[in-house]
Structure formats: structure tokens, C-alpha cells
Amino acid sequence: MAECHPVGFQWVMEAKARGAKVFHVDPRFTRTSAMADRYLPIRAGSDIVLLGALINHVLDNGLDFRAYVLAYTNAATIVSEDFRDTEDLDGLFSGWDPDTATYAPRSWAYAATGEQPPAEHAEGGRRHAEAAGPETYGAGGAAAHPSPRTDPTLTHPRCVYQILKRHFARYTPELVERLCGIPGAAFAELAEAVTANSGRERTTAWVYSVGWTQHTVGAQYIRTAAILQLLLGNVGRPGGGIMALRGHASIQGSTDIPTLFNILPGYLAMPHAHRHEDLEHYLEREGGETGFWGNRRSYLVSLLKAWWGEAATEDNDYCFGHLPRLTGDHGHYTTVMGQIDGTVKGYFVIGENPAVGSSGGRAQRLGLANLDWLVVRDLTLVETATFWRDGPELETGEMRTEDIGTEVFFLPAASHVEKEGTFTNTQRLLQWREKALDPPGDCRSDLWFYYHLGRLVRRRLSDDEIDRPPRELTWDYPVHGAHREPSAEAVLREINGVGPDGRALSSSTQLRPDGSTACGCWIYCGVYADEVNQAARRRPRGEQDVVAPEWGWAWPANRRILYNRASADPEGRPWSERKAYVWWDAERGEWTGHDVPDCEIGKPPDYLPPEGARAQDALAGTDPFIMQSDGKGWLYAPSGLADGPMPAHYEPHESPVANLLYGQRANPARRTYDRPESPYNRPGPLFPYVLTTYRLTEHHTAGGMSRPLAYLAELQPELFCEMDPRLAARLGLGNGDWATIVTSRTVLEARVLVTGRMRPLRVEGRVIHQIGLPYHWGWGGGGLVTGDVVNDLTPLVLDPNVYIQEGKAMTCDVRPGRRPRGRAMLDLLETYRHG
Amino acid sequence: MRTEGAVVPEAGFRSYYGRPVIKPPVWHEPHMPTYLYLGGMSGVSSSMAVMARLTGNPRLARSARLAAAVGASAGAALLAAELGRPERFLNMLRVFKPTSPMSVGSWILAAQSGLSAAAASADLAELLPAAKDMALLATAGDAALLATGLTGPLTATYTAVLIADTAVPAWHEAYRELPFLFAGSAMAAAGAVAMLATPRAQAGPARAVAALGAALETAAGTVMERRLGMVGRPYREGRAGRLMGTARLLTAGGGLLAAVAGRSRVLTALSGLALTAGSLCTRFGVLEAGRASAADPAYTIVPQRERLDAAP
Amino acid sequence: MAERMGFFTDTSVCIGCKACEVACKEWNQLPDDGFVFEATSYDNTGMLGASTWRHVAFIEQSRPVQVPSDPEAEDSVDRWLMSSDVCKHCTHAACLDVCPTGALFRTEFGTVVVQSDICNGCGYCVPACPYGVIDRREGDGRAWKCTMCYDRQLGGLEPACAKACPTDSIQFGPLDELRERAEERVARLRADGHEEARLYGESPSDGVGGAGAFFLLLDEPEVYGLPPDPVATTRDLPAMWRWAGAAALSVAGAVALAFLNGGPGLKSGTSLNGGTFLTGGAGPKGRAFLKSRAFLKGRALLKGRALLKGGTR
Ligand SMILES: Nc1nc2c(c(=O)[nH]1)N[C@H]1C(S)=C(S)[C@@H](COP(=O)(O)OP(=O)(O)OC[C@H]3O[C@@H](n4cnc5c(=O)[nH]c(N)nc54)[C@H](O)[C@@H]3O)O[C@H]1N2
Ligand SMILES: Nc1nc2c(c(=O)[nH]1)N[C@H]1C(S)=C(S)[C@@H](COP(=O)(O)OP(=O)(O)OC[C@H]3O[C@@H](n4cnc5c(=O)[nH]c(N)nc54)[C@H](O)[C@@H]3O)O[C@H]1N2
Ligand code: SF4
Ligand code: SF4
Ligand code: SF4
Ligand code: SF4
Ligand code: SF4
Ligand SMILES: [Mo]
């Protein structure tokens, strides 16, 4: 966190100064470790074992926050008798279909209570998984029965609590030592600190970023932390939570108003060509009827009204038919395979540098080279725009410029200081930024580009039916200045939404299913309340309380802590004075506190839903997790995940050790692309080391924004690899020497930084050396410094839920000296692929 | 492996990757050492010119006057060239700062070069037929010359303060001996030039100055190195050590030769050249020793650490 | 003069993000320092210089650690010290003292600043600084260093580096206040078991009269590349001039004696040793020289140095 979120890390330092104890779990000793009270070195890819052992520690010793767990989680819920655990099936859950390599999740469901949803509505399944369906639950959960059978004594053998207990029973401190390389004493200290610092008076927070996500079990890493936090009562309370530290400045914004293929704004699922024929169909299948998702018709219809305006009427399903449809996986890596196979002909690359930043760099470039046309919009001439004239494949002879038919259009983009708009940060905080200066030359904002591109495209449309969707779009933003820049505030206001009177709405609860309201993203509704740009508020922290509600605007409803109903006990009283956050004021008959309460403000704690209630009305006054159909925090996920209702430890796709727990070595549901462009390392002694990749404070991602800047480039001028002294000695490498790193994808060279910060770990009886590589270098991109592309080394293998690549744990070999060039490099590679 | 590097094998001595603590002097070669040589030579030449004039040795007086003038102005030119911004040379005379040996020195050098130039030109002017009767000119020249009797020795020695008033351990710690080392070196240099430039019959005092200078330099150098202890090592090691050793040989040899040269043309020439080379070597050596002592953190850290540890 | 302003750099909370280094370069529009991989932990700029006015040091300290169930003890990192160095704005600033042009001056904030339009690049300040801070920039020819953002201070802003520091490792303010705050911080750290915490440069009685930018360190200063006991050498300047004066007098005296004593004999062209020196024993003239006042004076002078030396101690 100190490395990649140094500005945010100031709050960790402040917490530390106030007595918080900081643990850091990472394969490398980093700047964060240097500030932590305790550093726990871990083998990359083994965190589920560590977190699972903490869960086991809590359950085994009865350390859970029982009142919280009983009231707010699904611990008491009884699960279907068809369910079988990985403990029973040697690493597989019930429902595994080896032919399609996917799970049918029916057996994971809650025990039947009579009426059951139709089978095809159960989330999961191949099509669902293919379209990255699980990722559509960004703001909530999949549907589950709102009032399932429960056992409040938590003794029923099929209640979630007992299932969890059995599931994690083998996740012991000994296993942590054997698989993660973390000694028992260190684990004990962590377990003691985490449990002692949870409960009524105290809370513990977990902070993670891509060290947890970029794995074939990435989503399940986070699930494991969520289970632990729910058991300890650390969700929805101040000082608790699981903080995802996100990446690019507005990457949160770009999932809320997504650049992802599988969701619409506000985490509404993208319609599927075969699953959702019309609006009714769609609404029936995507999400539950209870909880706030029960309002999804209002959200979707308002979105359609924002997009198609007058043209969207009740008679035509509000233009639902205009929405594009998924036919399967249209994710980044599948798209690249389509390029290589010739099925994808054109490509827009906006603010991304996949030739360097994406896994399997060679495959990326092979794809780019097989396109008809490519549009790159970037601040600098990044490698993605120049691969055809200076890419590494030219040196090896795998490509020749004259053979590449791709027509490349490079369009210079305005940077964040050269345009106005909002950033949504990791805390869901929208912060408005003014333009500081005009973009130079032909550089234009992305808003300008899309608006005018849309305008020009619409000019060329025919009256034909096929052109109707773009023709009927509302596409009329006010423009200003010599370049006719569209007004970003007008866009923000459209996102906020307007009511029948044309005035800006102030809350998503005002959205209607009848087409009378329009709203570009329901979770952002309120950012323009009272016709005021709430994101532009800048009241200094010294002039308001610690929650600082008047700095920017947080979705939803300017709420700073989600699910904060859980900060009060079931009766609505704070769990403790120390941790008071929101509470029920019986006199005034409403919820109050330091933050905007995350529940209906007038719903008393003793409210019980009447039979047949819908949406939020179906949630009791004690249900804090209002986006879930049952209002509960899910210790066990009866649906919605592609790889199981509970996390299980699987080895990374490429791992030097066997899975001690199960016969199933790696995540069975992981997405693989076993192709000649990007083969996998064969298991065995050829690739004896663990390789992990990461960032440096001094650079940014694929380097397009840091390598051209002298002040940053001079701070980390060359690609280097970090390795421990013992391995360096064995390889005859000294500090500052050159090393060659090999996977079956490619061979690259890096300078050597010999450092005790890389600690070899004894795992399963043998010493495992880990190599660390920062991935910021490339051959060009206007960079003042250049270096080999680390992503050329990484495998194309993905988490099955969200399709993130496993960039954090793989195997490799290391050789002393620089790498061979040209043909000789390919020859060396061949010896690793086939030798 | 202790990554926190200790490059110099000094017991218990720690540093930051063996990097220097202080900045080495940025002055360039050959400018700065040559200037030191020329300044010294000019300064003592002035003293000799004054004495030669007073004792009635016109040939020696003339060559010393000329040497003083040439040395001072060539030195000033080198100094200007050494500056990062030569066009700003005059900024030196913007202020007079007693805390800055370079400021004080600049004024001394300005006086020395002006006066010695005046003295030399007056002397040369006498050679011109038209100037035969210009008594005033001669008087002015003599007055200037007399004044250089003051500025000359200062020019020859202030440079020791100049370099000693720095954080460079091999210089600062030697601030007592350096002025004598430079004084001796300057006498040897000036004596040598005068020996070579004056008919041998009139050059006796020059030989005496040269021999005395050589003796003084040798003695001062010996005392300095003995007293400096560990900080004196840069004077004995590496390039500086070789330069200082060579200087020692040349100066001692040249001094002895000066003492015995008499009217021998060969011995005079040998002695003069040896002393000149010796003086130059001393200046290059001292500069290099300073650089070496600045570049190696041991010379900064070890004495300071000892000082701290010794303090109550 | 306004209140004396300074920096307290608390290295115990420095996360090594180098925001200070970059902010300084950005604000002051400094050139880069070259692109060289130094293999010295995460530090590739090395030390303060003409173009790096804030420099973050990285020190990896290892100790033997037993890998679990592995018989071989492993040297593993124990702590990673990071520290942002800067010009100390000394109370007795050697750089300022020795600057011959007055380019270096003391501002109304008690800081030490170079006026780049007056600096003539003489380079004297460079070796004078006991911390190795100020340096002459190649190509440009002038000396440069931290100004404690004199321009920003004049505009009522805090220095760029302090502004950018996310963890308040760099604290800017009135020096007196900072000293108090630092005392409290070091006391607190010590109470928490960090016996190694110490202040560096805060004492007005040190060799530079107290630094305007002082530090809280977790190890000996030399580990961070700082001198353990820096001294502004101008402190010894009067003594230095006395010694130089004595040397100048010796020159004058020795030269005078060379002339006066040599006298007529030399005038007549006789060599000093009367021609016999080389063949054994000093000749009459030579003997005369060895007994001469010049020689004796010289010897006395050389001996006298020892006396003088005692006197100035
Ligand atoms: N300076 C800087 N800041 C950035 C960025 C940048 O490039 N430069 N990028 C931004 C972006 S896009 C993102 S996504 C974020 C990412 O922020 P981070 O996730 O913090 O970034 P990384 O350095 O990629 O990975 C974090 C750590 O995960 C560790 N790690 C690897 N494998 C494992 C594992 O299996 N378990 C555990 N526990 N740790 C593991 C690595 O050693 C590394 O130290 O940073 C953002 N901030
Ligand atoms: N091995 C390995 N690979 C990784 C990771 C890892 O940890 N290890 N991390 C992954 C992660 S988390 C990420 S986010 C990716 C990042 O990978 P990429 O997104 O491919 O890389 P960036 O360099 O961030 O590319 C962003 C580009 O946007 C440009 N840009 C900036 N502002 C604007 C703008 O306003 N408009 C436009 N049009 N362009 C702009 C920048 O110049 C830059 O070139 O890398 C991934 N790859
Ligand atoms: S670069 Fe921006 S987003 Fe990243 S830490 Fe710095 S201020 Fe925060
Ligand atoms: S640290 Fe050096 S440059 Fe800074 S004021 Fe002191 S002597 Fe001058
Ligand atoms: S280099 Fe400039 S600032 Fe330094 S002493 Fe010389 S004139 Fe003064
Ligand atoms: S005070 Fe200003 S000039 Fe000095 S280091 Fe900080 S930013 Fe640079
Ligand atoms: S900005 Fe602050 S935390 Fe970052 S390196 Fe500089 S002093 Fe350390
Ligand atoms: Mo990211």
C-alpha cells in the first residue's frame, strides 16, 4: 500500500500513530513492510490457506462475534442436502461438469422451503460463467431465497456455520507453515491480534489490492477475507471492512459506469442474446425480487430513458431491444484470441497499453498485427501504437513490418489535468476536477472524441431498422470553446438523472419503473441533487467531522460506509460507545448518526416484512445487507460464483508444489487458453522458481505515463529483478549483474537486485526461491528508459469469475547473464518448451 | 550480506554504500594546481624583486619583477578560466568578505597582479629609449614593487587557507602545515625561475631562496604527514601519493642542486627544472590528496566518530 | 528578520515514496540526474547534488534469520530505513561563509540561499559544506542547492517537498516549535521501545551551530550518508590566517636573509659552498651559511611552529 497508494497510506500511518497494529503479508519485504509492526513473508498464491486458517482459528475457538453473526449473516441458514464439499470430493464441489469444465450451482442452494425458483434462474452455469456473470454482482449479490430455513442454535449439521467449520477444519497453522512458509509463531501472533481487535469495542480492517486479485482464485481470496470479517463483525462498522485499493485514478468509476463488456451502468447485467429476449425476461432472471435489487426495473428503465429519451416507451420495452447483447465471453483475452484467429477485425484501445500491460505480451502483439484497423488514443505514442515498426518480434524475425496489414490510427489524448470531470476513487468518492490547462496541439479529451465520433457516425446513418439504436440515442450535449468540447457537467447531470419535471433527482429511491424518470446510473443518483454538482464540494476536513460528508460525494446517497446498519446491534443501539456510527433514534422514529444510514431511514429495527413483500419491504429491520435478497452477509454463497460457494485453496496454474489439501491441484474452473502463441510451463524441475510481478512507486503500470518523465524515469531507470542472496550466490550473480529470466512464453533480461527483502521460504520440505519483477518497462513508448516487457513472461490463465489474469504467481527459470538476441533467443526458448 | 556497504575496510566504520559524505572539490586540472603554483611563484618573486632592488641586483630584480607579473596575471587568467561562469569573474570583487579566504585572496591577487604588472611595466619601460628620462615612471614602478613586498608573501600563502577552509579532511586537518608547505614550494618555484632567468653571476640569492624553500617544503611536508595520521593517508597513497613522492624527490634534489650549483650552467638548469617540476607536483598532489580524502567517506566519518566517541 | 523557519524530517515515518524528490524537481524545474541503475536498494539518485535537492536514502539492514525448519540460517532483511535528506540551512553555514561573491546569503527566514544571478561558479562552497550538499552543475557552471523554497515562503506557501510528503515525514515550521515537537516524538519512540531513535542536527551547540533542517534517525548518521560530527571549518579561520601569516612572514624573512646574508660573496659569483661542498665538508662559505642568521632564523622558525601550535590549541 505504501508502494502503490502512498497518499492513502498516510491514514495507515495515522492509525499507527494512534496505536493500531499493522501486519503486512507479501512475498516481498516492501516499503509497506518497512512501516508495518509485523511483516509475514508468504509464498505467492497461498493466501487462502492463511485466511482459511484464521477462519478455522475463529470457528474452532468460538471467537466469532456471535450476536452479529446470528443477526446479520447467513450462518444459521440450512443448505440443501445435495451440497457436497471439496472435503468430500477431493477438491471439487458438487455440480462439477467435467465436459464443460463448469459448475452447475443448483446443489449449493439453501435448503428448499417449499416454492423454488425455476431451475434456469439459478445463477451460474456455463453461459453465465462465460459472460463473466459473477462480476455483475459488484453492488450486491445473486438472488437467493429471501427467508430460508434457519437454525439459530447453529448446530444443524447443514447450517452454514457447521459447513464452514468442517470446510476449514484442515486449514491449520501447520498447513500455513507448510504451504505459505509462515512460521507457527508468526501465525499465532496474527491470529491473536486479529481476534483480540474485533468485537463490540474494536474492529479490524483488511486492505488488499492486486496481490490478492491477480490469481486464478482471485475472487475467492476476497471471499475468504469477507467470511473472516463477517465472523468477526467487522463489516459495516467504522474501522472495519475489506478495502479494495483500486488502480487507475478512476478505475472505480470505470466499473460503476463500466468499460467492462458484461455490465451496464450501476452493475446491471448486460443482456445476453440467448438468455434475455425482452425486458421481462431479463428482469425475471437478473437479480432477486427482494432487497434493493428488487427495484431493478426502475433502475434499468430509467437508464434506457436516459439513453433513448423520447424514443423509449412502454410499448417498445423502453428500447431494451436497442441494447447490444452478449453471446459469450467478450473479455480482453478472448478478444485477443479472436484477433489472432481473425474473427476480430478492428480494435479501439483507449487509455491502455496492452502490448506491455496485458498478460502474454506476445499474444497481444500477434493479435494487433492481425487486425484490419486499430485506433489508439493515448497521451504518448505507446508501444501498442508502434509495435508494427519497433516491436520485439521484429528483432526475432517473427514479424516483418511489411507483412503487417493493420492500419493504425493514433489520436493524441488530453490528460486528466487538461479536461474537467470526475474521478471516482477507491472509497466510491466522486471528486470533480477543473481543467487546469488547455490540451496541447491536437490532443482532445475522451469525452470530446466519443461525442464527436458519435455525431459523425449518426450523420452517416440510414433510415434502416439496423441503424435505429444509434439514430434514436439522445446525443445533444451543450458544447463550448473553439474545439466544441462537450460539457462534462451536463453528462454528470444526465448520469444523476431527472424526474418528470425535468429537475435533477436527489436519490435513487425516486426512480420509477414507468419511464417517468431518466437516470444514467442509478447508484450515482444524487450527485447532482438540488441542481448542484455535489462532487465539486471541497469543505476542508478541519471544518467538518471525521466522516467529512461535504468533501466530494460518495455513491450511493453520499454514504461513506456501506451497510452501516451493521454498526448498530439488532435493536438499533451502537455495539459500543467507542464504535457508535449510526443508530435508531426511537423518539424521532428514524435512523441517525455520523453517516447517512444505509437503510430506510424510517424503518424501525423491529420491522418484520409481511408475507409477499417485495424489494426493500421484504427486508427486516435487522437486515443490514440491503442489496442481498435476504439482507444477510453471506458466509456461504449459495449462488453467483463460478468456482464454488466457499473458497478452497488451489495452487496457481503454474506452481512448483503439489496441492497438499486436494487431489484437485489448481482451480478446476479457471479459464485457460492453451495455445501455441502462449504455452504454459510444464511442471517439473525446468522451472524451479516462483515468479511474481508488481509495481514500483516510481512508475505507473505499463509505463506510458512514467517512462517519458525524466523525474520518474531517473528514480527507477532499468528493469530489475529482486532475488534473495542465497539464490544469487547459487547462480553466481552479484548485485547489479544481468540475469535472464525464462518461462515458456519468452526469455527476458533484467538487472539483479540482490536483497534480503526477498526471503526464501521452506515450503513442503524444500526451499522455494521467489523472484520479483516490476512490470513497468517496454521498448519504446516515448520512454527515456527502456527494458524488456515482463508481461511477455506471464501465462494466459484467468480467474473464472472476473476474468483477471494470474499475474502474481507463476514459475520460471533464471540464468546468469544477458539474454540471447534474435533467432538465438527463440532457440533458447525452444529448449524450454520442448527440451 | 550487509547491503549497507562498507567499501573501505575500516574497523567498525559504516557508511552509505561507501559513498562520499562530502563533495570533492570541483576545481579542474590543470587550472587550479597550476594557479596555485603560479601564485606562489609570483608572490615570492615579488619578495625577491624587492630585495634585489634594495640590495642592488638589477638583473635579478628585473627577472623577478617579470616573473612576478607574468605569474600573477597568468594565474588570474587560469582562475577566471576555472570559474564555472568566467564572464562573472568580476563578481569576485563585488564584495570584500573576511570570512571567505577566496574573497580575501581575490583582493590579494588583484593587488598582487596589478602591482606586479605596474612594477614590471615600469621596469620594461626603461628599456624603451623614450622612457629614459621618465624618472616619475621609475619611481612609481619602485613604489608598486615595494608594495608587492607585502602582497607577494600573502599571495604565496593565502592559498593554503583557501583550501584548508573546507570540509576536505586532508586539507582542513593540515591547516597548520599547509601554509609552510605552500610557502616553501613557492620559494623553491620562484627561486628556480629566477635562477634560470638571471645570469648566473647575479643569481646567488635566487639559489639561496630556492634551497631554503626546498628545505622548508620538505620539513613542512614531513611534519604534516606525521601529524595527520590516518587523514594524511591520501598524501601517501594512490595518484596523490605518487605526485607527493615525486614532488618530495624533485624538491629535495633540486634544493640540494641549488645549494651546490654555483655558476654551473648544467646544475642550475637541472636544479631550476627540478624545483619547478617539484613545486608543480606538490600543487597537483595536494589537490589530488584533497579530492581522494573527500571521495572516501572513511576520512570524513572515522575521525568524526572518534571525536564523538572520545567526547564525554 | 522573520521567525526562523526549518524542517524536521522524521525518518521513522518516511515511506520512501520520493514524492519530495519529485516535487522539488517539479517546483524548481531542475534537470534530471541521468538514468543509471545503481543497485543500491531503491536509490538510483545517490546523493544530494546540483540537480537533486531532496534525496531519499534507502538502507537495507539484514540479520540472520532462521527459515522455518531449514537448518541453514538465512540473512534476511530486518529493517529498511528510508530517509529524505536536504540542505541543513546551517546556523553557521560554511558555504555561505566562504562564498566570495555574496551569492549565498541568509534570508529573512533564517535560511541559506544561492542567488543564481550572482554566483560566478567559483565552486568554493562545494567542498566547504560539511554535509556535501551544494554542488556545481556541469554545463551550467553555477552552484545549486535547496532554497527551502524561498519563493514559496515569500508567497506564504510551505515548501514543495513538505507539501508533497504524504506521511508528514517532512515537517516545516518555525524552528523552535519543530525542536519541541521533535523532542516529544523522540521521547515517545523511545518509550515505545525504539531506543535507537535519536535527533540529529537539532542542537545549537553542534559544529554548525544547529541545523535549520534536522532529523530524527533510527541509526548512526553515517549509515544515512550523513557526517557524524560536522563542523563549519570557518570556525578555525582566525587560526588558519595566523598560520598563513606566520608562513608569509617566513617567506619575507627567508628571502630577505637570502639576500642580506649572501652579500658580497654571492655578488662576486662564488657559490654558496665555496666549491667544496660536494667533495666533503662544507667549505668556508658553506660553513658560514650554516652558521648564518638566515639558517638559524629558519631553524628557529621551524621550531617555533611547535610553540605556535601549542599556543593556538
Ligand atoms: N506508484 C504506482 N501506484 C499505482 C500503480 C502503479 O503502477 N504505480 N498502479 C495502480 C493500479 S492500476 C493498481 S491495480 C494498484 C495495484 O496496487 P498493488 O496491488 O499494491 O500493486 P502490486 O505491486 O502489483 O502488488 C501488490 C503486492 O502484491 C504482492 N503479491 C504478489 N503475489 C501475492 C500473493 O499471492 N499474496 C500476497 N499477499 N501478496 C502478493 C506483490 O509482492 C506486491 O508487493 O496500484 C495503483 N497504484
Ligand atoms: N505482470 C503484470 N501485469 C499487469 C499487472 C501486474 O500487476 N503484473 N497489473 C495489471 C493492472 S492492475 C492494470 S490496471 C494494467 C494496466 O495496464 P494498461 O492499462 O495497459 O497500462 P497503462 O500504462 O496504465 O495504460 C494507460 C494509458 O492511458 C494513457 N492515458 C492516461 N490518461 C489518459 C486519458 O485521459 N485518455 C486517454 N485516452 N489515455 C490516457 C496513459 O498514457 C497510458 O499509456 O496492467 C495489468 N498488468
Ligand atoms: S498518484 Fe494520485 S492516486 Fe496515486 S497515490 Fe498519488 S495522489 Fe493518490
Ligand atoms: S548544509 Fe551545506 S550547503 Fe546547506 S547551509 Fe549548511 S553548509 Fe551550506
Ligand atoms: S560557486 Fe557561487 S555560490 Fe558557491 S561560493 Fe562560488 S560564487 Fe558563491
Ligand atoms: S524546500 Fe524547496 S528547494 Fe528545498 S528541497 Fe524542498 S522543495 Fe526542494
Ligand atoms: S515524501 Fe515524505 S514519505 Fe515520501 S520519501 Fe519524501 S520524506 Fe519520505
Ligand atoms: Mo490496476
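The values are calculated or read from the model by the stated rules, or taken from the named source; none is laboratory data. This structure is a prediction, so every number in the text was calculated from the model and none was measured. Positions of Cβ are generated from backbone atoms using ideal geometry, with glycine treated the same way; all protein chains shown enter the neighbour counts.
Looking across segment A:716-731, the residues that are over 30 Å from A:Gly780 (Cα atoms) and more than 11 Å from chain C (Cβ to nearest Cβ) come down to A:Arg730, A:Leu731.
I'm checking my understanding of the structure. Among residues of segment C:20-43 that are among the small types (Gly, Ala, Ser) and facing another protein chain (nearest Cβ under 7 Å), which one is nearest to ligand 4 (Cβ to nearest atom)? Across segment C:20-43, the extreme among qualifying residues is C:Gly34.
I need the full set of residues from segment B:182-198 which are closer than 15 Å to C:Trp243 by Cβ and surrounded by fewer than 24 Cβ atoms within 10 Å (Cβ to Cβ), in order please. Selection gives nothing.
Being within 7 Å of another protein chain (Cβ to nearest Cβ) and touching a strand residue (DSSP E or B) at 6+ places or on another chain (Cβ under 7 Å) is the requirement here; does C:Gly123 meet it? Even if it seems obvious, please write down each step before you answer.
Values: within 7 Å of another protein chain (Cβ to nearest Cβ): yes; touching a strand residue (DSSP E or B) at 6+ places or on another chain (Cβ under 7 Å): yes.
So C:Gly123 fits the description; yes.
Within segment C:190-232, the set of residues being away from every other protein chain (no Cβ under 13 Å) and of a type in the set (Lys, Arg) comprises C:Arg190 only.
Scan segment A:756-767 and give yes if some residue there is more than 10 Å from chain C (Cβ to nearest Cβ) and at pLDDT below 95, otherwise no.
First, pick out the residues of segment A:756-767 that are more than 10 Å from chain C (Cβ to nearest Cβ): A:764.
Now restrict to residues that are at pLDDT below 95: A:764.
Looking for residues that are more than 10 Å from chain C (Cβ to nearest Cβ) and at pLDDT below 95, one finds at least one in segment A:756-767, hence yes.
Would you point out which residue out of C:Phe109, C:Phe215 is surrounded by fewer than 24 Cβ atoms within 10 Å (Cβ to Cβ) and within 16 Å of ligand 4 (Cβ to nearest atom)?
Details: C:Phe215 fails: surrounded by fewer than 24 Cβ atoms within 10 Å (Cβ to Cβ).
Of the residues listed, the single one that is surrounded by fewer than 24 Cβ atoms within 10 Å (Cβ to Cβ) and within 16 Å of ligand 4 (Cβ to nearest atom) is C:Phe109.
Residues of segment A:237-249 include none that is within 15 Å of ligand 2 (Cβ to nearest atom), buried (at least 24 other Cβ atoms within 10 Å of the Cβ) and either modelled with pLDDT under 95 or among the aromatic types (Phe, Trp, Tyr) (or both).
Can you tell me which residue in segment A:785-818 is nearest to ligand 7 (Cβ to nearest atom), limited to those that are outside any loop (DSSP other than H, G, I, E, B) and β-branched (Val, Ile, Thr)? Per the stated criteria, the residue is A:Val790. Just one of the listed residues (A:Gly542, A:Gly526, A:Gly502, A:Gly552) is closer than 20 Å to A:Ala311 by Cα and of a type outside the set (Phe, Trp, Tyr), namely A:Gly502. Residues in segment A:791-829 that are within 13 Å of ligand 1 (Cβ to nearest atom) and more than 17 Å from the chain's Cα centre (by Cα): A:Asn791, A:Thr794, A:Ala809, A:Met810. A Cβ distance below 6 Å, combined with a sequence gap of six or more or placement on separate chains, defines the contacts here; from segment A:1-19, residues that are within 16 Å of ligand 8 (Cβ to nearest atom) reach residues that are charged (D, E, K, R) and not in a helix (DSSP H, G or I) in the pairs A:Cys4/A:Arg695.
On the basis of being among the charged types (D, E, K, R), within 16 Å of ligand 1 (Cβ to nearest atom) and away from every other protein chain (no Cβ under 14 Å), does A:Arg223 make the cut? Even if it seems obvious, please write down each step before you answer.
Values: among the charged types (D, E, K, R): yes; within 16 Å of ligand 1 (Cβ to nearest atom): yes; away from every other protein chain (no Cβ under 14 Å): yes.
Spelling it out, A:Arg223 is indeed among the charged types (D, E, K, R), within 16 Å of ligand 1 (Cβ to nearest atom) and away from every other protein chain (no Cβ under 14 Å).
Residues are listed down the side, and each one gets a yes or a no for (1) acidic (Asp, Glu); (2) under 27 Å from the mean Cα position of the chain (by Cα):
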residue	(1), (2)
A:Asp26	yes, yes
A:Thr30	no, yes
A:Met35	no, yes
A:Ile42	no, yes
A:Asp47	yes, yes
A:Gly52	no, yes
A:Asn56	no, yes
A:Asp60	yes, no
A:Leu63	no, no
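Among the residues of segment C:46-59, those that are facing another protein chain (nearest Cβ under 7 Å) and crowded, with 23+ Cβ neighbours inside 10 Å comprise C:Ala57, C:Ile59. The lone criterion from (1) under 29 Å from B:Tyr175 (Cα atoms); (2) within 15 Å of ligand 4 (Cβ to nearest atom); (3) among the polar types (S, T, N, Q) left unmet by C:Thr147 is number (1).
Each row is one residue, and each column tells you yes or no for (1) within 12 Å of chain C (Cβ to nearest Cβ); (2) of a type in the set (A, V, I, L, M).
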| residue | (1), (2) |
| --- | --- |
| B:Ala120 | no, yes |
| B:Ala130 | no, yes |
| B:Ala143 | no, yes |
| B:Ala156 | yes, yes |
| B:Thr166 | yes, no |
| B:Ala189 | yes, yes |
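Of the candidates C:Pro64, C:Pro100, C:Pro71, the single residue that is at negative phi, at pLDDT below 95, part of a loop (DSSP other than H, G, I, E, B) and away from ligand 7 (no atom under 16 Å from the Cβ) is C:Pro71. Tell me which residues, restricted to segment A:519-553, are in a loop (DSSP other than H, G, I, E, B) and among the aliphatic types (A, V, I, L, M). Scanning segment A:519-553 gives A:Val527, A:Val532, A:Val546, A:Val547, A:Ala548. Beta carbons closer than 8 Å, at least 6 apart along the sequence or on distinct chains, pair a first residue in segment A:732-748 that is closer than 28 Å to A:Ser678 by Cβ and away from chain C (no Cβ under 14 Å) with a second that is β-branched (Val, Ile, Thr) and assigned to a loop (DSSP other than H, G, I, E, B) for A:Thr743/A:Thr794; A:Arg745/A:Thr794; A:Leu748/A:Val789.
Among the residues of segment A:162-181, those that are assigned to a helix (DSSP H, G or I) and either closer than 13 Å to A:Ile55 by Cα or in contact (Cβ under 8 Å) with a residue 12 or more places away in the chain (or both) comprise A:Gln162, A:Ile163, A:Leu164, A:Lys165, A:Arg166, A:His167, A:Pro173, A:Leu175, A:Val176, A:Arg178, A:Leu179, A:Cys180. Taking segment B:14-31 as the range and being over 20 Å from C:Cys125 (Cα atoms) and facing chain C (nearest Cβ under 7 Å) as the test, the residues that pass are B:Arg14, B:Ser15, B:Tyr16, B:Tyr17. Residues in segment C:15-46 that are part of a loop (DSSP other than H, G, I, E, B) and more than 16 Å from ligand 3 (Cβ to nearest atom): 16 in all.
Can you tell which of C:Ala187, C:Ala160, C:Ala143 is away from ligand 3 (no atom under 16 Å from the Cβ) and more than 14 Å from chain B (Cβ to nearest Cβ)?
Numbers: C:Ala160 fails: away from ligand 3 (no atom under 16 Å from the Cβ); C:Ala143 fails: more than 14 Å from chain B (Cβ to nearest Cβ).
Checking each option against the conditions leaves just C:Ala187.
Say whether the condition of being touching a residue at least 40 places away in the same chain (Cβ under 8 Å), within 9 Å of chain C (Cβ to nearest Cβ) and crowded, with 24+ Cβ neighbours inside 10 Å is met by at least one residue in segment B:244-251. Within segment B:244-251 (the criterion being touching a residue at least 40 places away in the same chain (Cβ under 8 Å), within 9 Å of chain C (Cβ to nearest Cβ) and crowded, with 24+ Cβ neighbours inside 10 Å), the answer is no, since none of the residues qualifies.
Could you please give the count of residues in segment C:135-186 that are part of a helix (DSSP H, G or I) and more than 10 Å from ligand 6 (Cβ to nearest atom)? Talk me through it step by step, then tell me what you get.
Taking segment C:135-186 first, the residues part of a helix (DSSP H, G or I) are C:150-154, C:160-164, C:175-186.
Among the residues that remain, those that are also more than 10 Å from ligand 6 (Cβ to nearest atom) are: C:154, C:175-186.
Looking only at that region, the number is 13.
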